[in-house]
Each structure stands twice: as structure tokens, then as C-alpha cells.
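Here's the structure, in C-alpha cells; my notes come after.
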Amino acid sequence: MHTDTERCVRAVQSKDARFDGVFFTAVRTTRIYCRPSCPGVPPKPQNMEFHPSAASCQRAGFRACKRCRPDTSPGSPAWHARADAVARAVRLIQDGLVDREGVPGLAARLGYSTRQIERQLLAELGAGPLALARAQRAQTARLLIETTPLPMAEIAFAAGFASIRTFNDTVREVFALTPGELRARAARSRAARSRTAPAAAPTATPGAITLRLPFRAPLEPSNLFGHLAATAVPGVEEWRDGAYRRTLALPYGYGIVALAPRPDHVQCRLSLTDPRDLTHAISRCRRLLDLDADPVAVDEQLRTDPLLAPLVDAAPGRRVPRTVDAAEFAVRAVLGQQVSTAAARTHAARLVTAHGVPVDDPEGGLTHLFPTPDALAGLDPETLALPRSRRTTLLTLVTALADGSLALGPESDWTEARERLRALPGFGPWTTEVIAMRALGDPDAFLPGDLGIRRAAEGLGLPAAPAALTARAARWRPWRAYAVQYLWATDSHPINHLPA
């Protein structure tokens, strides 16, 4: 969109928050870049230039606006609605892969040369992988500076910087403030808020980080958090004090996150054993809640069907509940084949108790990390309280995940992953598509054979036969996964309601 100057100017002049993160406005006279909804007076059109990423703005010599904080914008929905190499590269960079494995590691995951990856990213985002990772490190550093009492040296390495000098130079260049000035500014802001609002509850766990996860409005939380709470695996997930809580397996350790819906953001509370995992944890939480979606674009498309329009108008902004770990969800999808939600939770809880890694949760009832494919690959099938055919399906799946012959993650090509899943025994259309929808993040995944979808179709006057419903759903593309959420919501199942 950043190449459509006229459209970008209109978005900036109307302060349209829908485009935050889609493009960035750089002002030539002030050398500042902003989000489109910046509350400041819009600059003259002749002084504006538009960039596809914050990294592109920084590469061109602009610094972040201190008022609208463009580095905290939601991510562009394009990178989560596409499965090409550029989109997959962006998702991996958001996961912090470049900081852990470098550009060669990124290229290896995608099956391209480093030169091809750099060329494609530069063409679409105006910055290469190192510049994109640098912009993300700066954002992580700012978050740690403003929300934790960690020493600056620890923050530098936790954010992914190779040296304290690089950390200082980058923060000063991107935000036009030193790290110390950023922390002092944040402290003054908190003090001002405390004079006009009740004091916040004290932090119960030392080292916990509380932050706001932005999203594009509207967001309907009932099916999103209701689904996660209703299907929560005991020991790994729980609903407590108005928040969905779960354990996270992370590259350098583990974490516990609590996510609570608020009118204009999702409150996120993270407890990490290693602060270097912050970027990865935030990326996984945003993916879990589908926070980078563009609900206006989705709902506009679905409203073109007169039978879906009333559902959309009743509760606009439904998101697709996704996952923090694609391999975990694939295992849970197999356990949930042809059984109730309660039975699927019971089967998963048994695996967790027997093979999960124990964790400490002083604030709640979480006890384990979900077992990895490596931990499950050697389990005895006779210990599984499952039909023999489903035991075979589960063991084949975890073996393929453990030996790398099946890759499910941000780098996955959706078409190829579907083909590999369908080649496994016991993987029919429902299992393949629910994994594509919730684990791979394909916004067009569709479940015409799902019982809840068939019931909803019959109630709305849509064709219930899978082939006929698939033909009718062509008008919902490329957002059929969101249509599934609206159809599911016609039922009174607990997945559609926030817990009391």
C-alpha cells in the first residue's frame, strides 16, 4: 500500500488506525516517522513519504515519533495472510530467529540463499533481514527499559544486541533518547498516571513483565478466549481471575503468560526464566490471539453473503484462536478426533502428566510444559487409552515431527504442509484443515465436514453437504477460517462464551 501515495495521504489525514503497521509515514522536514493514526497535526502532503516497515524508515534516517510510538503498532496483516517466502521470512524474524541463528539460519529454514532472501525482503519491505531484526531488537529493548528494573547491560543482551555499545547507539538513533532517558521518561509517565488513577496491584512474581498487546479494532473476545478456556489442557492452560494463562516452551527456557481482554488492548503478563525469550514469547502470544488480523477487511468480505451478514453485524471482529506451538496443536488435534472437548482434554492431560516437563507457577495451577515430539516419539502405544488406529496416527505424527520429515511452524508452506499431513495415516480433511487453520495460520482454511459447521449451515439455510457448502463458501474467500468462527458461534457450546 505504501506505493499508493494518494490513499496513504487520505489515511494519514483521517488518522485511520486500521492502517497502523500497514505502512509508516516519514516526515522529511522533521526526520520523524509516525503511524497513520498519530494524534499530531498531519504534515503537508509534499513533506510526507511512505514506507512499508519501521526498519525501512530507520534505514532512511528517520527516528520514531515520541508521541504515537510507531514501534508499538500492530503487525501488518499481510504477513499473516500470505504463505510466500517473504511472509514466512517476516514471521520467522518476528520470532527472533535472526538473533538466534543469523541470516544463514533464516535462509536455511526457507530453502533459499541468503542473497535471495535479502533481495526479496528489500523489494517488499525496504529493508533486509538484519535491518528488520535490528528494528525489532530496538522495540524489545524499549519494552524492557520501560517495564523492568533490569540493568542496562542485561537488557542489551536480552534484546539480542551483541554489545552494549551497539545497544546504546541503536536506541539513541531510533528513539532520539539514551536508554537512561527512556527509562526516566517512562517513570515520569507512570508517576503522572498514578496521580489520576488507583495504584496498580503489586507484582507478585519478581521479574514479571506486564505489557499491552495492541490490535486493530474491533475485537470480539467471546469466541477467542472462550475457545482457549474451554479446550484448556489441565496443567498447561487455565482460566484464572479473568485471564487465560498457559506455559510456554521457549528457546532459552520457559515462560508463563496471562492474557486478559481489555477494550483497546490485550493485557499480557509474562514471567520468563530468561529475558532473551521476550521477543519470541510476544510473537507467539500475538499469533495465538490473531492480533495482527484486519477485522474490517474480513468482515466486509463476509458481509457480502446475506446469510452471514447478520452474524457479522451481531459480533464483528471475531478472531481465529490459534496456538503458541504448531506441533503441540497437531498432537491435540489427533487426540480430539471423533471425541468430545472434555475427552480430548483428558487424553491430553494424561500425556502432559506422563511426559511433560514440570514447571513452577507460584501464581496459579500450571504444572507442566506440553511434551515435545521428541519426548512423545518413544512412548509405549499400549499406555494410550485410544483406539488402535488413533494410536498409530499419533505415533506416526510425533515421529515425523521429531525426525524433521514434517515441519509445522511460521516457516511452513501451507500447501506443502497439507500434502504431508494428508500422507499420514488417519489424517482426513477435518484434521488437516483444523491444523492448517489454527496451527499454520491459513486464514482460508475451511471445515465443511465439521459437525458444528453442518448444524450452523442447516440453521441458516446454507447447504449442509460438504461439497455444496464448499462451493457456496467460495464467496467468503480468502477469509473462510473467520467464517468458521461466525458459524461456530451460532451454537451454545462453551467455546463461544467467556468463562464466568
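FYI, it's all coordinate maths here, none of it is from the lab. Quantities reported herein were computed from a predicted structural model and do not represent experimental measurements. Note that each Cβ is placed from the backbone with ideal geometry, even for glycine, and that neighbours are counted across all protein chains shown.
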Protection-proxy order for peptides 469-482, 373-386, each taking the mean of Cβ atoms within 10 Å per residue, highest first: 469-482, 373-386
Extreme residue, positive dipole direction of the stretch 1-152, given options Pro104, Pro52, Val27 (C-beta unit charges): Val27
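What relative contact order, as a whole-number percentage, does the stretch 326-496 give when Cα pairs under 8 Å and 6 or more residues apart are counted?
Contact order relative to length: 18 percent.
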Order by protection proxy (mean Cβ within 10 Å, highest first), peptides 4-14, 118-128: 118-128, 4-14
Inter-part distance where the stretch 56-119 and the stretch 405-438 are each reduced to a Cα centre, Å: 24 Å
Across the chain: Cys residues that no other cysteine approaches within a C-beta distance under 4.7 Å: Cys8, Cys57, Cys268, Cys285
Note, ³J(HN,Hα) from phi for the stretch 242-250, Karplus 6.51, -1.76, 1.60, rounded to Hz, x at Gly and Pro: x, 9, 8, 10, 7, 8, 10, 8, 10
Chain lengthening between Ser340 and Ala184 when straightened (0.36 nm per residue, less Cα-Cα): 50.9 nm
From phi via Karplus (6.51, -1.76, 1.60), per-residue ³J(HN,Hα) for the stretch 370-376 in Hz, x at Gly/Pro: 5, x, 6, x, 4, 5, 8
For the stretch 96-250, size of Cβ-based charge dipole, Lys and Arg +1, Asp and Glu -1, in debye: 400 debye
Point-to-point label distance, Ala385-Arg193, nm (Cα→Cβ direction, 7 Å offset): 4.6 nm
Amide H partners (placed H, <5 Å) of Arg63, local residues excluded: Ile32, Tyr33
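Note down the magnitude of the dipole of the chain about its Cα centre, charges +1 on Lys and Arg C-beta and -1 on Asp and Glu C-beta and zero elsewhere, to the nearest 20 debye.
For the chain, the charge dipole is close to 1380 debye.
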³J(HN,Hα), Karplus 6.51/-1.76/1.60, whole Hz, each residue of the stretch 315-325, x for Gly, Pro: 8, x, x, 5, 10, 8, x, 9, 8, 8, 8
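Sort largest first and round to whole Å: the equivalent ellipsoid semi-axes of the stretch 17-147, each the square root of five times a Cα gyration tensor eigenvalue.
With the √(5λ) rule applied to the stretch 17-147, the semi-axes are 26, 16, 13 Å.
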For peptides 264-272, 140-148, 19-27, sequence by mean Cβ density within 10 Å, most packed first: 19-27, 140-148, 264-272
Share, in percent, of DSSP beta bridges within the stretch 5-73 that are antiparallel, nearest 5: 70 percent
Over the chain, relative contact order from alpha-carbon pairs under 8 Å, at least 6 apart, %: 13 percent
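What FRET efficiency would be calculated for the residue pair Glu173, Asp241, taking the C-beta separation as r and a Förster radius of 45 Å, to the nearest 0.05?
Details: r = 41 Å, r/R0 = 0.91.
Calculated value: 0.65.
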Amide proton proximity set for Leu408, modelled H, under 5 Å, gap of 5+: none
Modelled FRET efficiency - R0 22 Å, Arg455 with Ala297, Cβ distances, 0.05 increments: 0.20
Per-pair calculated FRET efficiency, R0 = 45 Å: Ser492 and Thr5 via Cβ, rounded to 0.05: 0.35
Whole-Å distance, taken between Cα centres, linking the stretch 445-500 and the stretch 1-28: 35 Å
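Run the numbers for Thr353 and Leu122: contour at 0.36 nm per residue of separation, minus the present Cα-Cα distance, in nm.
78.5 nm
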Fully extended contour minus Cα-Cα distance, from Asn47 to Thr30, at 0.36 nm per residue: 5.2 nm
Given (i) 36, 27, 23; (ii) 60, 31, 20; (iii) 33, 26, 23, the label whose value is semi-axes √(5λ) of the Cα gyration tensor in Å derived from this model: (i)
